[in-house]
Every structure is written in structure tokens, then in C-alpha cells.
Amino acid sequence: MDQRFQVIQKTKHLKLDFHDIVKFNDNVVLVVETAINAIGCYETDTFTRIGEIRFNSADKDVHHINDIWLDGRTLYVSMFSPYGKWYLEPIHKNGGIVAIDLTDFHPRQHLDIDPANHVVVKSLYMPHSIMVHQNKLSYCDSMSFSVITGDEAPIQLPGFTRGLAITDDTIFIGQSRMRHVLRIPHEFSNCCLDGGIYVYNPEFRISRFVSLPAQQVYQILVLDPIISLGGEN
């Protein structure tokens, strides 16, 4: 896509269940391949796969990798379980965020990583949407209906959180329609099924909810105001 989100090139790949993408450098992007527990390295001009970071040798989703964020040369990765076979205990808080040092990593190599040895945040319930803002690691603890920013108290919401963007004075939090009602944590007496975005003011701890026609929010991007999506005006 270009800066106006217009598709300029397409390519076909195996069913790898792509979940997220980040820029590694001007020539390479890192793409989450959830189906095979890997992050593929792809050339930006041809989208040719040239290397990988592999978290498990199984060609079956055992960690359920969701989102990635590259902060300098540290790659943060969220997953339903760093320990494998997340699907055996889907209602347990086995999720986590791992951090991988890519200082000496070359995108044409094959790098094997045991995520259990790189956990920086544990005991999460289906985490998504990692980002670093003002040196604070932030993420959605999705099935706990909350958002964490650094060491601050969780921002508690009434539904499944996924999608996160932060500015200097506002936090934008996505909420998706619950697809697995039987997994709703017992500590909650209610779960909101509306899809949309919360516009949250962390100073006053208040929010407004913007409902969306789409019931599943996956990510949120705050655009530079100079970018116009509607043409020249």
C-alpha cells in the first residue's frame, strides 16, 4: 500500500495466517506467520521471503503469535502462550510478551528462539497490540478487558480489547465483539459485545466510545494530519 492506503502490489503466499508486520529496514519487513510459529523476513520490493525467526519447529500454531513491535533493535512479540500448545488451556492466563535482541540479526538468516527464555511480561490472557510510547511498554491484555501502559494501573474496559494507539494526551483502544463467549473470565459479570474505539484521557481517566460498523478491531493508526485520504482537499 502507499501512504494513502491504496493497494499498489499484490502477491500470493501459503496460508501462513499473517497477523502483523513491521519495518526492519528500508529493504526488509518482518511479518508474523502465526500458523507456523514464525516471523518471516520479506523483501519490501518483491515480498520474497528471505529468512525467518522461528519460535517452534512445529508446522502447527502452538504459540499463537499475534503482534510485534520493533523498538530500536529489540523486537517485542505477544503470544497466547510462550510455553506452547496454548489451545490445551485457552481459558488460563498463559499469555505473555517476549523480547528478542536483534542487534546481530541478519534478515537472510534462520534464527531459532525459545520464547519461554525471553519472557518480559507473563500471566496475560490473550495479549495483543504491543507498542512502546515514551519508553513505556504498552499492550492490550485482551481477554482481561484491559490495557496496560508501563507500570501504571490497568485501564479497565467492558469488553475484548484489541487495537492500540497512543498520543501525548490520548489513548485510543479498540474493542471487538466477543467471539468466544464461554471464555469470558468469571470475575466479570458482563461483557460488552459492541465493536468500536474508546478515546481515553489518561489524565482525567475518562473516555468516550465511538461505535464502528466493523465488529472486529485489529489495529489503530493515528495518521499525520498532513496526510489526506480524500484526494487533494
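Brief remarks on what is shown
- Share of alpha-carbon pairs per 10 Å distance bin for the chain, given as whole %: 7, 30, 36, 22, 4, 0
- With Cα atoms as the point set, the radius of gyration and Dmax of the stretch 1-124 evaluate to 14.6, 42 Å.
- Cβ-placed point charges (K, R +1; D, E -1), dipole of the stretch 1-111 about Cα centre in debye, nearest 20: 240 debye
- For the stretch 92-97, backbone phi angles converted through the Karplus equation (6.51, -1.76, 1.60; θ = phi - 60°) give residue-by-residue couplings of 9, 7, 9, x, x, 10 Hz, Gly and Pro being listed as x.
- Shape of the stretch 47-103, Cα gyration tensor, a/c cut at 1.5: oblate
- With a Förster radius of 22 Å applied to the beta-carbon distance between GLU187 and ALA214, the computed FRET efficiency rounds to 0.20.
- The distance between label points at THR11 and ILE206 comes to 4.9 nm (points 7 Å beyond Cα on the Cα→Cβ vector).
- Scanning the chain for GluC sites (Glu not before Pro) lying in DSSP loops with no more than 16 further Cβ atoms inside 10 Å, the longest uninterrupted stretch between such sites is 1-151.
- Cβ-Cβ FRET estimate between THR167 and THR48, R0 fixed at 35 Å, reported to 0.05: 0.50
- Long-range HN-HN contacts of HIS133 with modeled amide H, under 5 Å: SER138
- Normalising the average separation of contacting C-alpha pairs (under 8 angstrom, six or more residues apart) by the number of residues puts the relative contact order of the chain at 11 percent.
- Student exercise, the chain dipole from Lys, Arg, Asp, Glu Cβ charges, in Debye to nearest 20: 700 debye
- With a Förster radius of 45 Å applied to the beta-carbon distance between GLU152 and ASP114, the computed FRET efficiency rounds to 0.90.
- Applying the Karplus relation 6.51 cos²θ - 1.76 cosθ + 1.60 with θ = phi - 60° to the stretch 150-159 yields 3J(HN,Hα) values of x, 9, 7, 4, x, 8, 8, 10, x, x Hz, where x marks Gly and Pro.
Bear in mind these aren't lab numbers, they're just calculated from the coordinates by the rules spelled out. Since the structure is predicted, the reported quantities are computational estimates derived from the model, not experimental observations. Glycine also receives a Cβ, built like all others from the backbone with ideal geometry; neighbour counts cover every protein chain displayed.
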